[in-house]
Amino acid sequence: MSETASISMGVASRYSKAIFDLVLEDNEVAKLETDVESLARALKDSQELRDLISSPMYTRDEQKGAIVAIGNNMKLLVNLTNTLALMASKRRLFVMDSFLRQLKALIAEHKGEITADVVSAKSLTKAQSDKIAKAIKDRVGKEIKINASVDESIIGGIVIKVGSKMIDTSIRSKLNSLQTVMKEVG
């Protein structure tokens with residue numbers, strides 16, 4: 001990990017821990033979870049929002065005003081909006097993606113959940129996703145939240161990552177293994 005990424009993770013970690021502790025005291029974890037999902041979706045879908053948090057062209061006050069307006073418009077928790085405003089005034093909005101990921105992890109830990117990243121060649125149906133979650137739950141003994149994504153380059157099969165463990169049943173992986181074996185033979 002680069003030094004810049006490490007610093008960013010540290011900054012995001014401190015802000016996420018602080019807001020989570022505040023929300024936990026107020027018993028608003030469920031609302032925080034909804035707000036984090038909404039904000040993550042907005043960040044993914046809105047180029048303007050990504051520009052706002054990363055562009056040095058905006059002053060601190062402009063960023064703060066815009067982020068407060070966004071928070072109010074989205075009806076985010078006051079503590080979350082205030083934290084984002086503080087991050088804007090300190091020029092720390094560039095860590096928002098890490099901040100949101102760390103908040104998701106804190107919420108999942110609080111709920112006793114583990115997130116499993118599942119990559120498939122095609123979108124999973126609800127039934128497939130539920131079946132995978134049940135199989136992983138039987139294995140690890142905790143509630144599983146599936147974070148599904150699609151990567152057509154794996155050709156077929158799935159890649160599952162839970163914590164530091166990874167199961168790769170993709171055709172791409174099998175073809176790569178076969179290619180390695182063929183090189184050793186030839």
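Amide H to amide H, with H built 1.01 Å from N, Glu143 comes under 5 Å of Ile114, counting only residues 5 or more places away or on other chains. Relative contact order of segment 36-159: 22 percent, from C-alpha pairs under 8 Å at least 6 residues apart in sequence. Ordering Ser177, Ser98, Asn27 by the projection of their Cα atoms onto the charge dipole of the chain, which places +1 on the Cβ of Lys and Arg and -1 on the Cβ of Asp and Glu, puts Ser177 at the extreme positive end. Measuring between alpha carbons in the structure, the pairs from Lys64/Lys134; Lys75/Lys126; Lys17/Lys44; Lys111/Lys174 lying more than 32 angstrom apart are Lys64/Lys134; Lys111/Lys174. Solvent exposure of the chain amounts to 63 Å² per residue of accessible area, where only protein heavy atoms count and the probe is 1.4 Å.
Here the peptides 79-92, 156-169 are ranked by packing, the mean other Cβ count within 10 Å, and the order with the highest first is 79-92, 156-169.
Using a 1.4 angstrom probe on heavy atoms only, work out the carbon and sulfur share of the accessible area of segment 93-173 in %. Answer for segment 93-173 is 54 percent, counting heavy atoms of protein chains only.
Computed from the alpha carbon atoms alone, the convex hull of segment 92-143 holds 100 Å³ per residue.
For segment 76-186, the Kirkwood radius over C-alpha pairs fed into Stokes-Einstein at 25 °C and 0.890 mPa s yields D = 147 µm² per second. Placing unit charges on the Cβ atoms only, positive for Lys and Arg and negative for Asp and Glu, gives the chain a dipole magnitude near 400 debye about its Cα centre.
List the pairs from Lys31/Lys90; Lys104/Lys161; Lys142/Lys165 whose alpha-carbon separation is above 23 Å, in the order I gave them. Going by Cα-Cα distance, Lys31/Lys90 fall outside the 23 Å limit. Using the Karplus relation 6.51 cos²θ - 1.76 cosθ + 1.60 with θ = phi - 60°, the per-residue 3J(HN,Hα) values for segment 160-166 come to 10, 10, 10, x, 9, 9, 9 Hz, with x marking Gly and Pro.
The values are calculated or read from the model by the stated rules, or taken from the named source; none is laboratory data. None of these values were measured; they are calculated from a predicted model. Neighbour counts run over all protein chains shown; Cβ positions are idealised from the backbone, glycine included. Just the protein is used for accessible areas: all its heavy atoms, side chains included, with ligands, DNA and RNA removed. Shrake-Rupley method; radii C 1.70, N 1.55, O 1.52, S 1.80 Å.
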